[in-house]
Amino acid sequence: MKNRLNLPSSGDIKKTLRLEDGKLPSFPQAAAKLLEASKDEKSCLADLAKIVETDPGISVRVLEIVNSAMYGLKRKITALSEAVVFLGLDEIKKLAIGMTVFEKLFKSGRAEKFDRLLFWRHCIATAVLSMEIAKQTRYPDPEEAYIAGLLHDIGKVLLDVRGRVNYGDFIADLETSTDLIIEKERGIMGLGHDDAGAFFCSLWKLPEKLTLAVKYHHQPFENLGLTRDERLLISIVSAADFLCWTQGIGSFDLIRPPILAPEVERTVDLDRINLIDCIQKMNKEVDAISKFYHFVFPSADQLKENLLWTNLKLSKANTRYYYQTDPLALMQKEASEISAPSSGMELELAKPLAKAKTIKEVLDTVMYQVGQMFEPLHWSILLKDPKTEDMMFSIVVGANRDKLQGTRLPKGEGIAGAIMEKGEPLIVADVEKDPRFSSRVDQYTGFKTRSIIGAPLKTEDKVFGVIELINRINEDRFAPKDLKILSSIAEYAAIAIERAYYNQALTALATKDALTGLKNRWSFERAVSSKDDVMKRYGTIFSMLIAVVGGLKDEGDAGNDDVLKRVAGLLNTTKRRQDDIFRYGEDTFILLLPLTYADDADLAKYRILKVFSAAFPYDDQDPVQLQIQAYTVSAEDSVHLKTLVKGVLPKSKRLVNENSVKEIEDHLHALVENEIPKNEPDTERPSSFGKAVSLGGDFIRLKTRESGHIQVERLSMTAVRFRVPKSHGIEVNDFLDIRFTLDDLKKSVVERRIVVREIRPAYILADFYNPPPYSKDLGFYLMS
């Protein structure tokens, strides 16, 4: 058992948890005995009652649940012996164990940020969903799956109560991180909650299957020699945990579904399970029990399949990403055989891609590292237009970016077209000898292509783009070893792009109203849930406008959508840049106005009404009205805003996001067009661009190794203007390595490769070749 569990050592536990007082965390005795009894086929009601009655408080609480509205019994039950007649032995066991664990172990904690009711809500939901999935997968003991789901995150309680690092601070850090929660725990706390929980489950001598489920619900387990039932139980709990996060029932208030270990999807075929039915049954049971625990679950009528399936796609992308072989290992192995980057900058791909939150950040990182690794003269990402199947130069870096950006190639044309059609990487050492090469791009740009390598970007079996590299700065031709590395980068990059795409889609589904594009009710309630956050965002005094649209037609009338979109548009045009607008209900909008007192709130109200009157003149046949109420609020009282709004709008109908998420290959092209700023032609850059500076430095001309001093006169994030004091042989399109020192407090050194664009008698104008996506020192310097 110990070999299969691979438990952390006592020393590792002591490094992570505070155990100096000699008191180890203990599992509730009554719950342990109940678990033991549940495995004894000879145990009966009398045995169960005897165990529960050893703790009178638990016995009373169990009877309270039995007599609650959840079960709707016609008369009051006063003894467990009566309760079992109505509910059955298994149900009483389940309730007794759950209540014992909650009261004795989960109820109170150390960190305020770790909301224990929110956490218990997740545990109950995971338990119920585990039981429902167990029934559909014919697991022999669904009640055991319930208990495993209930205890799967017990390690989080231990990290909170005994952790040497404050767990509340850890949770706060998660809000600005894209890392997996479990990986973040291991990096900051010292151990993940899975390892910590399994250690103590083993110490408490809980059943082996439960300990395995706690240990491996976030980890691979395929090669441990587990039995079928053990693998199935782990997979059931892992899938249930994931599904709860997809429905907004996580253990923290975050939109962050975990990944599923690859063997989970092989053990539990999610496509063959009626997930919607399982979740609806879960919703029904936890909605009933929530009245007893005083917490709120998303109701069954809010469930939308598109949210579930978007999360599943994101999970699959996350799984492929985190279990993908890191291409850095291959790069480092091959680096000595490829011309090394002369800038000396470290090659790094996995870490920045893991942190990337948007598609733009992913693409910036990929293009930068490709430039660092291969030093191409020109490189680009071409994406397929799903409507025409043309290829478009969507991201272009290098000598011809201004001409190529946005240019289209017909389906199948050129080397990129061949890669797109075949879905296989391709190298052409000499384009003159390859009939697939199309010279049209060279004719258009005036460029001379000699050598090309390219690799497909694809998700599973669908190609959505191509990374293409043309020529090298040093004029060497690309070799097969280059193609091997580029293929690895492309595979890694495609998964990262897919992750970012579905992550953005998921966030939009959860936070945006599908009809108007405004922030939704969930976003409003989150915005005002913390006094500290409200004070940072809106100030000590702010105002709230509640706008209700009247005169809408019967529900379902298409004309209502047009009216509501127009109202959302006029609210956007009349608001200040710092104001926030939310669509709270079907006919209701809320505006939060930072640092705004009552008089200014009234001005904002009348400004909106004036614009509305002009847009919607009164019509007896179609009378659309807008009523606005203004409230001025102190940040100290902001926690009561949700109650205030519900009081003012008791009948406001909660909206369900009807938006759907398009497949990545059908929508990425359009999304990138919107996200990536268009390059401005170099010829339009004025000589007085950027910031005026006077900085000394040096240059090396790559072609001849000639060197000398430079005086930098103007500087931006992408370009530099400088003088060379003496005569030189520098020509347009030459590559130089330059080094200069900023006159900031740190005397920061900037090293860049540049390509010369223009030579004048008084100065030289150049672009930075492949500038890094993030450069804090230079960025702060230019803003100062």
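The values are calculated or read from the model by the stated rules, or taken from the named source; none is laboratory data. It should be emphasised that the depicted structure is a prediction, and the values quoted were computed from it without experimental measurement. Note that each Cβ is placed from the backbone with ideal geometry, even for glycine, and that neighbours are counted across all protein chains shown. Just so you know, the surface numbers come from the protein's heavy atoms only, side chains and all, with ligands and any DNA or RNA stripped out. Shrake-Rupley method; radii C 1.70, N 1.55, O 1.52, S 1.80 Å.
Assorted remarks:
- PRO142 passes every criterion in (1) in contact with a Ser or Thr (Cβ under 9 Å, 6 or more places away or on another chain); (2) under 23 Å from LEU233 (Cβ atoms); (3) touching a residue at least 24 places away in the same chain (Cβ under 8 Å) apart from (3).
- Test result for ASP241, surrounded by fewer than 23 Cβ atoms within 10 Å (Cβ to Cβ) and within 22 Å of ASN283 (Cα to Cα): no
- Residue match in the range 471-478 (condition: among the charged types (D, E, K, R), open to solvent by 10 Å² or more (accessible area, probe 1.4 Å) and part of a helix (DSSP H, G or I)): no
Matching residues to (1) aliphatic (A, V, I, L, M); (2) within 13 Å of HIS218 (Cα to Cα); (3) open to solvent by less than 10 Å² (accessible area, probe 1.4 Å):
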{"position": "ALA148", "(1), (2), (3)": "yes, no, yes"}
{"position": "GLY155", "(1), (2), (3)": "no, yes, yes"}
{"position": "ASP160", "(1), (2), (3)": "no, no, yes"}
{"position": "ASN166", "(1), (2), (3)": "no, no, no"}
{"position": "ASP169", "(1), (2), (3)": "no, no, no"}
{"position": "LEU180", "(1), (2), (3)": "yes, yes, no"}
{"position": "GLU185", "(1), (2), (3)": "no, yes, yes"}
{"position": "GLY190", "(1), (2), (3)": "no, no, no"}
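- For ILE495: the one exception among (1) within 30 Å of the chain's Cα centre (by Cα); (2) assigned to a loop (DSSP other than H, G, I, E, B): (2)
- Conditions (1) open to solvent by 10 Å² or more (accessible area, probe 1.4 Å); (2) assigned to a strand (DSSP E or B); (3) not β-branched (Val, Ile, Thr); number of the one not met by GLY465: (1)
- Meets criteria (at pLDDT below 90 and open to solvent by less than 30 Å² (accessible area, probe 1.4 Å)) for LEU174: yes
Yes or no, residue by residue, for (1) of a type in the set (Phe, Trp, Tyr); (2) modelled with pLDDT under 85; (3) out of contact with any helix residue (DSSP H, G or I) (no Cβ under 9 Å at 6 or more places or on another chain); (4) within 21 Å of LEU363 (Cβ to Cβ):
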position	(1), (2), (3), (4)
SER439	no, no, no, no
GLY446	no, yes, no, no
PHE478	yes, no, no, no
GLU498	no, yes, no, yes
GLY517	no, no, no, no
ARG526	no, yes, no, no
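- Scope the range 496-519; condition β-branched (Val, Ile, Thr), within 19 Å of LEU668 (Cα to Cα) and open to solvent by 10 Å² or more (accessible area, probe 1.4 Å); matching residues: THR507
- Every residue from the range 369-404 that is open to solvent by less than 40 Å² (accessible area, probe 1.4 Å), closer than 25 Å to GLU758 by Cα and not in a strand (DSSP E or B): GLY371, GLN372, GLU375, ASN400, LEU404
- Which numbered condition GLN280 misses (of (1) surrounded by fewer than 18 Cβ atoms within 10 Å (Cβ to Cβ); (2) within 23 Å of the chain's Cα centre (by Cα); (3) in a helix (DSSP H, G or I)): (2)
- Strands (runs of 3 or more DSSP E) (entirely within the range 545-639) containing at least 2 residues that are open to solvent by less than 10 Å² (accessible area, probe 1.4 Å), out of contact with any Ser or Thr (no Cβ under 7 Å at 6 or more places or on another chain) and under 24 Å from VAL528 (Cα atoms): 588-593
- Residue match in the range 249-258 (condition: of a type outside the set (D, E, K, R), in contact with a Phe, Trp or Tyr (Cβ under 7 Å, 6 or more places away or on another chain), at pLDDT below 70 and closer than 30 Å to GLU64 by Cα): no
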